[in-house]
Amino acid sequence: MKFGVIVFPGSNCDDDMVYLLRETLGQQVIKLWHKDTNLQGCDFVIVPGGFSYGDYLRSGAIARFSPIMPEVQRHAERGGYVLGICNGFQILTEAGLLQGALLKNTNRKYICKNVFLRSETAHSLLTRNLPASSIYKIPIAHGDGRYYADSPTLASMQDNDQIVFRYCTEAGKVEEEANPNGSLDNIAGICNKGRNVFGMMPHPERASEALLGNEDGLKMFQAILG
């Protein structure tokens, strides 16, 4: 599988992702500049975290107009895989590739810490072959991570099994105390109806090496590779 990692002005997690894919998992990976209009044959496109365009106007709102995004849209429409992490998730919602929006954290503060996630579906490329309701310790680092969708959208997503991860306690309980940013229904990650576009606020690429003391995120990328 060939991976492409998009780089916007302000991206800062692109090298982390490239290192994980190339050095840890031995995959073919290239960087795609935001002004490119060719995905160069990539099977899987990753929109990494950071502060694209300085988060001016609204997180992800300017990046969604970058020249590369129409091709990402066409790639997704053809069934190609796309994963947005943190700022990447924000960009994908702004571009309409994923439903809902990411709003400012309820405490109006930037939050950087480890949280626990519960896998909510086995019907996802990120969670296939993993035990049901698995719990992962994954870091977050964001100021605009509060997931929101209106009631009809949320109901539709639940009916279509599109909620991939929820914030939970270490014991796996989905409750308000485990919600770091006020996300609706403790939602931490979702997919589209076609199940080929994914978004999540936590950073699994930052928890993917024994040297870091945490390999929970590695399991998600291993699931992608099957």
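Please treat every number below as a calculation from the coordinates, not as lab data. Here the structure is a predicted model, which is why all the values come from computation and not from measurement. Positions of Cβ are backbone-derived with ideal geometry, glycine not excepted, and every protein chain shown enters the neighbour counts.
Quick rundown of the values:
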| read-out | value |
| --- | --- |
| Members of the range 1-52 found to be part of a strand (DSSP E or B), surrounded by fewer than 17 Cβ atoms within 10 Å (Cβ to Cβ) and either of a type in the set (Ser, Thr, Tyr) or in contact (Cβ under 8 Å) with a residue 40 or more places away in the chain (or both), listed by number | Lys2 |
| Every residue from the range 76-96 that is crowded, with 24+ Cβ neighbours inside 10 Å and either more than 14 Å from the chain's Cα centre (by Cα) or of a type outside the set (S, T, N, Q) (or both) | Val82, Leu83, Gly84, Ile85, Cys86, Gly88, Phe89, Ile91, Leu92 |
| Some residue of the range 17-35 being of a type in the set (S, T, N, Q) and under 20 Å from Gln73 (Cβ atoms) | no |
| Within the range 127-226, strands (runs of 3 or more DSSP E) holding 2 or more residues that are in contact (Cβ under 8 Å) with a residue 60 or more places away in the chain | 135-142, 187-191, 197-200 |
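Residues checked against (1) in contact with a helix residue (DSSP H, G or I) (Cβ under 7 Å, 6 or more places away or on another chain); (2) more than 24 Å from Met220 (Cβ to Cβ); (3) among the aliphatic types (A, V, I, L, M):
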residue	(1), (2), (3)
Ile62	yes, yes, yes
Gly80	no, no, no
Asn105	no, no, no
Lys113	no, no, no
Leu117	no, no, yes
Thr121	no, no, no
